[in-house]
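Q: Okay, here's the structure, questions in a sec.
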Amino acid sequence: MISNRTELQTLRERCKQALAAEKRKILVCCGTGCVAGGALSIYARLKELLKERGIACEVELAEDPHDETVGLKKSGCHGFCEMGPLVRIEPEGYLYTKVRLTDCEEIIDKTIIAGEHIARLAYRSGDELCKVQEEIPFYKKQTRLVLEHTGHIDATSIREYLANDGYLAFEKALFEMSGEEIIDEITNSNLRGRGGGGFPAGRKWAQVRRQKCEDKYVVCNGDEGDPGAFMDRSVMEGDPHRMLEGMMIAGLACGAKEGYIYVRAEYPLAVNRLRLAISQAEELGLLGENVLGTKFSFRIHINRGAGAFVCGEGSALTASIEGKRGMPRVKPPRTVEHGLFDKPTVLNNVETFANVPLIILRGAQWYRGIGPENSPGTKAFALTGNIANTGLIEVPMGTTLREVIFDIGGGMKGNGEFKAVQIGGPSGGCLTKEHLDIPLDFDSLKQVGAMIGSGGLVVMDDKTCMVEVARFFMNFTQNESCGKCVPCREGTKRMLEILERIVAGEGRDGDIELLEELAETISATALCGLGKTAPSPVLSTLKYFRDEYEAHVYEKRCPAGNCQKLRRIWIDPVACKGCSLCARTCPVGAISGTLRSPFTIDAEKCIKCGACVSACKFKAVKEG
């Protein structure tokens with residue numbers, strides 16, 4: 001345990017020397033995505049092979065390093081999830097993609113021992129071979145600040161975090177700044193909360209500091225319930241100490257002695273990494289009583305949520321930590337006045353806290369030099385859906401949607417055409433082709449009725465049914481309603497029933513107008529943010545794709561051909577050769593005819609499974 005600033009500085013220098021002594025490093029991506037693809041087995045096999053070859057291998061920074069050591073590390077998410085499992089080799093910077101267990105021996109023998117690059121494991125952009133990560137188009141337009149360590153350091157080692165100037169910002173704040181000065185720096189940076197609303201973090205911290213109360217709390221929202229979002233998870237898994245450091249600085253600034261991290265129980269790897277990071281910080285004396293010989297005491301606890309989306313809302317989250325049912329309350333009072341255990345509480349999300357050490361170290365003016373004036377800094381986004389490159393990215397605020405989808409994401413998967421993107425999760429809305437050049441920042445998106453939310457981007461192509469998209473998100477929101485207020489509990493249920501009727505081909509005259517009326521009522525009268533924004537996906541798809549709703553209701557047709565009960569399948573008599581393959585494939589005997597003559601489909605019997613469409617070699621079976 002270290003007991004003062006000098007000992008911390010000495011330890012940091014020793015860690016830097018140990019890291020520099022590792023002339024070769026193997027970084028195996030051990031984020032959730034790559035772990036699911038077998039990364040832990042790859043890590044174990046690489047370790048085994050290094051031992052077999054007689055190569056000194058360190059899985060933790062050595063106390064007495066020497067030049068022949070190879071550092072084998074479990075890194076956080078590299079971001080390029082589409083290409084996982086990923087292995088990075090340093091100092092060359094080689095990034096190997098889609099690595100399999102059978103590739104491990106070649107990696108050790110050719111790259112680690114012989115120093116050769118393995119071309120077949122490298123990413124190819126068209127005909128171009130990208131040996132190093134920085135050459136890959138997916139990374140070129142990114143600015144990774146919050147994610148700078150994920151994929152580049154051992155996510156399980158506090159010593160490696162220290163070697164990369166870890167806890168240097170906390171050290172500066174503890175010994176060189178007052179609470180007011182810390183808050184002034186955060187306020188001047190104009191850091192806005194990355195959890196969705198974009199509320200200025202400095203203003204929130206100042207409100208808590210002003211409260212005349214001995215007990216105050218710092219709470220980190222790691223619930224991240226939006227479908228398709230995994231930004232916070234990647235930070236907790238890949239750079240947990242960065243987030244802890246931000247929370248510690250917040251506690252120092254506001255006068256809090258305890259912090260709580262609220263994490264989804266569905267994030268077991270994140271929970272384990274956080275527990276390890278907290279125990280490491282406690283062992284060193286960075287958390288606990290009288291930190292580094294000062295009067296500052298701070299402890300951090302982990303609470304696992306049961307997966308309720310509504311617990312992403314501040315008052316519901318704090319109620320859940322207290323052991324109560326996670327339900328929002330009427331405001332005011334706000335969380336900054338009466339939050340956790342009815343005490344003043346700073347509540348920010350993972351990404352917000354992860355920005356704090358950078359601002360304290362590099363200054364507010366540096367931070368404000370990135371992105372637009374009213375939304376400075378960077379934002380992490382999770383790219384999912386019908387896009388070529390799915391994964392985790394970080395770009396400056398103000399980057400256009402076109403740059404994100406086409407330059408970084410690689411455009412649509414297959415031969416699809418861009419149709420829309422759902423941004424902000426169930427609380428957000430759709431952006432279309434006309435919005436491709438809109439800057440992604442809080443204020444610009446608000447002007448078009450959308451929001452950044454936590455940062456999930458679900459990309460859709462021209463084969464996507466927008467009515468079904470609205471139904472999917474409404475189903476999610478309805479299931480996640482806490483049931484406390486009537487507008488959300490009953491209103492979303494009625495909206496879902498209408499949408500399910502429409503996609504089933506049973507839409508009625510007046511359904512579209514009723515959806516709009518219900519949406520307006522729920523938005524105006526629901527208790528919390530979840531309820532107020534629940535109709536957003538319906539309203540935005542109605543605004544930009546009303547013709548699809550009308551086709552479903554009045555023509556009993558799904559223009560995208562996605563809604564199974566509205567699919568129309570028929571046989572083109574001109575193209576049909578009478579081979580009977582479609583009839584032999586049909587599971588319900590709905591197709592009949594005579595060999596060498598056009599076959600026909602009985603619409604009453606047809607279950608619209610599409611088996612005949614796939615079977616026909618002559619493209620004679622049509623659908624739409």
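Q: The range 466-554: D in µm²/s via Stokes-Einstein (Kirkwood Rh, Cα pairs, 4 °C, 1.567 mPa s)?
A: Translational diffusion coefficient: 103 µm²/s.
Q: Right, here's the next one. Report the normalised scattering of the range 1-89 as log10 I(q)/I(0) at q = 0.10, 0.12, 0.21 Å⁻¹, calculated by the Debye formula with identical scatterers on the alpha carbons.
A: At q = 0.10, 0.12, 0.21 Å⁻¹ the computed log10 ratios are -0.33, -0.46, -0.96.
Q: How big, on average over all directions, is the shadow cast by the Cα convex hull of the chain, in nm²?
A: If I average the Cα hull's projected area over directions, I get 31.0 nm².
Q: Right, next: List Ile55, Ile498 from most exposed to least, where exposure is judged by having the fewest other Cβ atoms within 10 Å.
A: Ile55, Ile498
Q: Run the numbers for Glu490 and Asp602: contour at 0.36 nm per residue of separation, minus the present Cα-Cα distance, in nm. Before the final figure, lay out each step's value.
A: Working: separation 112, 0.36 × 112 = 40.32 nm, distance 4.03 nm.
Gain on extension, Glu490 to Asp602, equals 36.3 nm.
Q: Additional query: As I understand it, the dipole of the chain uses +1 on the Cβ of Lys and Arg and -1 on the Cβ of Asp and Glu, about the Cα centre. Which of Leu392, Gly314, Pro598 lies farthest toward its positive end?
A: Toward the positive end, the furthest listed residue is Pro598.
Q: Okay, next question. Hey, what did the range 466-554 get for relative contact order, percent, Cα under 8 Å, at least 6 apart?
A: It comes to 39 percent, rounded to a whole number.
Q: Using only the alpha-carbon atoms, how far is helix 268-284 inclined from the longest principal axis of the chain? Give it as 0 to 90 degrees, nearest 10.
A: 10
Q: Can you give the local net charge around Ala524? Use residues other than it whose beta-carbon is closer than 15 angstrom to its beta-carbon, Lys and Arg +1, Asp and Glu -1.
A: Charge balance near Ala524 sits at -3.
Q: Any chance you could check the Cα centroid distance between the range 590-622 and the range 77-99 for me, in angstrom?
A: Centre-to-centre (Cα) distance: 46 Å.
Q: Skipping prolines and chain starts, which residues have an amide H placed within reach, meaning under 5 Å, of the one on Ile300, given they are 5 or more residues away or on another chain?
A: Gly259
Q: Would you give the gap between the C-alpha center of the range 528-583 and the C-alpha center of the range 165-193, rounded to a whole Å?
A: Between the Cα centre of the range 528-583 and that of the range 165-193, the gap is 53 Å.
Q: Here is a follow-up. So how strong a dipole does the range 1-121 carry about its Cα centre when Lys and Arg Cβ are +1 and Asp and Glu Cβ are -1, to the nearest 20 debye?
A: Details: 18 positive and 19 negative charges, 71 e Å.
Computed charge dipole of the range 1-121: roughly 340 debye.
Q: Relative contact order of the chain, please, whole-number percent, based on alpha carbon pairs below 8 angstrom and at least 6 residues apart. Let's see the in-between values first.
A: Working: 1323 pairs, mean separation 70.2, N = 624.
Relative contact order comes out at 11 percent.
Q: Within the set of other residues whose C-beta is less than 14 Å from the C-beta of Lys619, count the net charge using Lys and Arg as +1 and Asp and Glu as -1.
A: +1
Q: Work from the charge dipole of the range 466-554 (Cβ charges, +1 for Lys and Arg, -1 for Asp and Glu, about the Cα centre) and give the residue of Gly510, Tyr554, Cys482 farthest towards its positive end.
A: Of the candidates, Cys482 comes out farthest on the positive side.
Q: Which value results for Rg/Rh of the range 166-368 when Rg is the Cα radius of gyration and Rh the Kirkwood radius based on the inverse mean 1/r?
A: We get a ratio of 0.93 for the range 166-368.
Q: While we're looking at this one, here's another question. Would you mind calculating the relative contact order of the range 7-138 from Cα pairs under 8 angstrom and at least 6 residues apart, reporting the percent as a whole number? Provide the component values of the computation, followed by the final result.
A: On the way: 207 pairs, mean separation 34.6, N = 132.
Over the range 7-138, the number comes to 26 percent.
Q: Give the average over all directions of the projected area of the C-alpha convex hull of the range 294-379, one decimal, in nm².
A: For the Cα atoms of the range 294-379, the hull's average projected area reads 8.0 nm².
Q: Spin-label point model (7 Å from Cα, Cβ direction): what's the Asp109 to Trp570 distance in nm?
A: A separation of 6.2 nm, rounded to one decimal place.
Q: Any chance you could get the radius of gyration and Dmax over the Cα atoms of the range 539-586, in Å?
A: Radius of gyration, then largest Cα-Cα span, for the range 539-586: 15.8, 47 Å.
Q: Lys and Arg at +1, Asp and Glu at -1: add these up for the other residues within a Cβ distance under 11 Å of Gly510 and post the number.
A: Taking every Cβ under 11 Å from that of Gly510, the sum is -4.
Q: For Cys606, Cys311, what's the fewest-to-most ordering of other Cβ within 10 Å of each Cβ? Could the numbers behind the result be given before it?
A: Numbers: Cys606 17, Cys311 29.
The most exposed by this proxy come first: Cys606, Cys311.
Q: Still on this model: Among the listed pairs Lys73/Lys140; Lys331/Lys493; Lys204/Lys446; Lys413/Lys577; Lys25/Lys141, which have their C-alpha atoms separated by more than 28 angstrom in this model?
A: From Lys73/Lys140; Lys331/Lys493; Lys204/Lys446; Lys413/Lys577; Lys25/Lys141, over 28 Å: Lys413/Lys577.
Q: Normalise the Debye intensity by I(0) for the range 409-486, one equal point scatterer per Cα, no solvent, then take log10 at q = 0.13, 0.14, 0.21, 0.27 Å⁻¹ and round to two decimals.
A: Per q value, in the given order, log10 I(q)/I(0) is -0.45, -0.52, -1.02, -1.34.
Q: While we're here: Can you give the direction-averaged projected area of the convex hull of the alpha-carbon atoms in the range 442-500, in nm²?
A: Result: a mean projected hull area of 5.4 nm².
Q: So for His117, His552, His338, His78, fewest C-beta neighbours within 10 Å to most, what's the order?
A: Numbers: His117 15, His552 28, His338 19, His78 31.
By the 10 Å Cβ count, ascending, the order reads His117, His338, His552, His78.
Q: When the Kirkwood radius is taken over all Cα pairs of the range 344-462, what Stokes-Einstein diffusion coefficient follows at 10 °C and 1.306 mPa s, in µm²/s?
A: Estimated diffusion coefficient is 106 µm²/s.
Q: Also, quick follow-up: So what is the calculated 222 nm ellipticity per residue for the chain, using -39500 (n - 2.57) for each DSSP H run with n of 4 or more, over all residues, to the nearest 500 deg cm²/dmol?
A: -10500 deg cm²/dmol
Q: Mind checking which aspartates and glutamates have their Cα closer than 20 Å to the Cα of Lys532? Skip sequence neighbours fewer than 8 apart in that chain.
A: Within the straight-line limit of under 20 Å, Lys532 reaches these aspartates and glutamates: Asp223, Glu224, Asp226, Glu313, Asp443, Glu480, Glu490, Glu497, Glu513, Glu516, Glu517, Glu520.
Q: What is the Cα radius of gyration of the range 567-623 over 2.2 N^0.38 Å, N being its residue count? Could you put the intermediate results ahead of the total?
A: Values: Rg = 9.7 Å, N = 57, 2.2 N^0.38 = 10.2 Å.
After normalising by residue count via 2.2 N^0.38 Å, the value is 0.94.
Q: Continuing with this model, one more query. Tell me which of Ala201, Ala256, Leu276 sits at the most positive position along the dipole axis of the range 166-368, charges placed on C-beta atoms (Lys, Arg +1; Asp, Glu -1).
A: Most positive-ward Cα: Ala201.
Only the coordinates and a few stated rules stand behind these numbers; no lab work does. Since we're looking at a predicted model, the values are computed, not measured. For neighbour counting, all protein chains shown are included, and Cβ atoms are generated from backbone atoms with ideal geometry for every residue, glycine included.
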